[in-house]
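Note sheet for the following structure.
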There are 2 protein chains.
Amino acid sequence: MDHDLSREMNGKPGRAASAPPQARRQRLSPDERRRQILEAAVTYFAEVGFDGGTRALARKLGVTQPLIYRYFPSKEDLIREVYNEVYLSRWRAEWEDLLSDRSLPLRERLVTFYSRYTEMIFDSKWLRIYLFSGLRGIGINQWWITFVEERILRRICEEVRHTHRLPSFAEVPVQGAEIDLYWTFHGGVFYYGLRRHVYRAEPHLDLRRFIELSVDSMLEGTPPTIRRILAEAAAPA
Amino acid sequence: MDHDLSREMNGKPGRAASAPPQARRQRLSPDERRRQILEAAVTYFAEVGFDGGTRALARKLGVTQPLIYRYFPSKEDLIREVYNEVYLSRWRAEWEDLLSDRSLPLRERLVTFYSRYTEMIFDSKWLRIYLFSGLRGIGINQWWITFVEERILRRICEEVRHTHRLPSFAEVPVQGAEIDLYWTFHGGVFYYGLRRHVYRAEPHLDLRRFIELSVDSMLEGTPPTIRRILAEAAAPA
DNA sequence: CTCGACACTGATCGGGCGATCATTAGAATG
DNA sequence: CATTCTAATGATCGCCCGATCAGTGTCGAG
């Protein structure tokens, strides 16, 4: 009645079970089976949330439910591995270097970086697991927010200061106000993914153009505001 | 077994109210009981999500679980009423008038509007139910997004055009690109609430100052970008 | 071709879920 | 104070959950 949820999510080549009337017992190596379960778990929990049942997950894999417990001691352990899979294994260190590559115009760096970054996070799996885990209240999102601040926002902050000939970090240290301003921008980009992939409300612009215009507006509006912030910070009342 | 007795649900003023520590059975008027259940349901589902059990909800109220079913035919109906309570009953029509009140500077209107608006939505209950319902995939978030676009963003769009002497809607109709730009801003503000009340990662700025700086940056950066968009729209290649 | 290791299954346990119903008790009425 | 209406309860149903374990069948080593 409620969720329809396309039934056949079949990742395996060969013939395995689309609505299997008779699924043959398939014996895989432990490594391969474990990987297969984990991959399916990411997809499945992203769809239905972490309250989804292990039986339904097993059905999607074409195996029985106890098999999951041979590879993961408890459902909670499986979920923990799902976090690792989604959060940790997708980050590309090059992205950070790109942001700091002063041989390219800042606008181009930002557009390219956010194009690649959103290629990772604008994915139903990533976004939904991000939200589900945040709502569950384990600390992983706090960790992620710190990560974004240090790896992305702080770096953008530094580059904007350099490009717009504002004081360097050595002269005036990073201000919380600056970081929060870049959060407005970053969160605004994030919200595009939320609208599109979680709420399924199609935005007006395609992603590329959206990023371009958002970057343009940010680069035009943020530096003047930051100049004021830094002036206040350098010469407090 | 577990007579927990957190008996603070003592709603009725009226008579004496010695708050009997036993008070086995409390008989309320249907209206009052219904209201009480609904209110508790908002808080409870916001905490644990819609997979939370009706028994735990009843325990919080100090009543038995079947009583809920006397007032709400099914859990799904109760949840639907929770949506109505949270989404529909909190909106203030004056806010919209405020945005269009040209006797005030646009910056002040925006800062005041977003202060009041965030007073409503930056609340664990509102934010969490917003996310939970979005993840569940019922259409209410799509409805909300349309609502925001029409009641808030479109209006801001109109006021920015007027203040910055850009073409009126009659001259050049609203562009999807404009709306999406204001979504970047709006989503950026929303993300502040997400960081603070869902992920419990305290931002650097307090809310008021955050809104002020975000509005300042937006008002500085968005109009030039929009001028370009409108020029393109008025004279296409 | 045989056989043993072990990847996998079927049956099952205790418990929590949404929902139903006959029963009980609190307050307004006479 | 007895009566009556009905808000609220206690018991219970059928189902699905996470987890366990004895058994089964497959496949590679000999």
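Within region B:174-191, the residues that satisfy the criterion of being touching a Leu at 6+ places or on another chain (Cβ under 7 Å) and within 7 Å of chain A (Cβ to nearest Cβ) are B:Gly176, B:Ala177, B:Ile179, B:Asp180, B:Leu181, B:Trp183.
Checking the structure you have, find out if any residue of region A:11-18 is at pLDDT below 95, more than 11 Å from DNA strand C (Cβ to nearest atom), under 20 Å from A:Ile129 (Cα atoms) and open to solvent by 30 Å² or more (accessible area, probe 1.4 Å). Yes. The test for being part of a helix (DSSP H, G or I), of a type outside the set (Val, Ile, Thr), in contact with a helix residue (DSSP H, G or I) (Cβ under 9 Å, 6 or more places away or on another chain) and under 22 Å from A:Val198 (Cβ atoms) holds for B:Ser133.
Entry remark, region B:43-58: residues being in a helix (DSSP H, G or I) and without any contact (Cβ under 8 Å) to a residue 40 or more places away in the chain number 7 in total.
Scanning region B:24-42 for residues that are surrounded by fewer than 16 Cβ atoms within 10 Å (Cβ to Cβ), part of a helix (DSSP H, G or I) and either under 22 Å from the mean Cα position of the chain (by Cα) or among the hydrophobic types (A, V, I, L, M, F, W, C) (or both) gives B:Arg35, B:Glu39.
Checking each residue in region B:96-110 for being surrounded by 17 or more Cβ atoms within 10 Å (Cβ to Cβ) and either touching an Asp or Glu at 6+ places or on another chain (Cβ under 7 Å) or in the same structural domain as B:Phe50 (by TED's automatic domain parsing) (or both) picks out B:Leu99, B:Leu106, B:Arg109. In this entry, B:Ala46 passes the filter for residues that are at pLDDT 95 or above and closer than 30 Å to B:Ile145 by Cα.
Restricting attention to region A:41-61, the residues that are within 13 Å of DNA strand C (Cβ to nearest atom) and away from every other protein chain (no Cβ under 14 Å) add up to 7. When the residues of region B:136-173 are filtered to those that are at the interface with chain A (Cβ under 10 Å from one of its Cβ atoms) and not in a helix (DSSP H, G or I), which remaining residue is least open to solvent (accessible area, probe 1.4 Å)? Among those residues, the one meeting the criterion is B:Gly139.
In region B:77-95, the residue that is farthest from DNA strand D (Cβ to nearest atom) out of those that are free of Cβ contacts under 8 Å to residues at least 24 places away in the same chain and open to solvent by 90 Å² or more (accessible area, probe 1.4 Å) is B:Glu94.
With the condition kept exactly as written, say whether any residue in region A:175-189 is in contact (Cβ under 8 Å) with a residue 60 or more places away in the chain and either part of a helix (DSSP H, G or I) or in contact with a Pro (Cβ under 7 Å, 6 or more places away or on another chain) (or both). Yes, region A:175-189 contains a residue that is in contact (Cβ under 8 Å) with a residue 60 or more places away in the chain and either part of a helix (DSSP H, G or I) or in contact with a Pro (Cβ under 7 Å, 6 or more places away or on another chain) (or both).
Restricting to region B:62-76, count the residues that are within 14 Å of chain A (Cβ to nearest Cβ) and either open to solvent by 50 Å² or more (accessible area, probe 1.4 Å) or more than 16 Å from DNA strand C (Cβ to nearest atom) (or both). Step through it out loud before you land on a result.
Taking region B:62-76 as the starting set, the residues that turn out to be within 14 Å of chain A (Cβ to nearest Cβ) are B:74-76.
Next, only the ones that are either open to solvent by 50 Å² or more (accessible area, probe 1.4 Å) or more than 16 Å from DNA strand C (Cβ to nearest atom) (or both) stay: B:75-76.
Count: 2.
Within this structure, A:Pro236 fails the test of being under 17 Å from B:Pro223 (Cβ atoms) and more than 7 Å from chain B (Cβ to nearest Cβ). Among the residues of region B:195-216, write down those that are open to solvent by less than 10 Å² (accessible area, probe 1.4 Å) and either among the polar types (S, T, N, Q) or more than 7 Å from chain A (Cβ to nearest Cβ) (or both). Passing the criteria: B:Ile211, B:Ser214, B:Val215.
The values are calculated or read from the model by the stated rules, or taken from the named source; none is laboratory data. This is a predicted model, so every value here is computed, not measured. Neighbour counts are summed over all protein chains in view; Cβ atoms, including those assigned to glycine, are modelled from backbone coordinates with ideal geometry. With ligands, DNA and RNA removed, areas are computed over all heavy atoms of the protein, side chains included. Shrake-Rupley method; radii C 1.70, N 1.55, O 1.52, S 1.80 Å.
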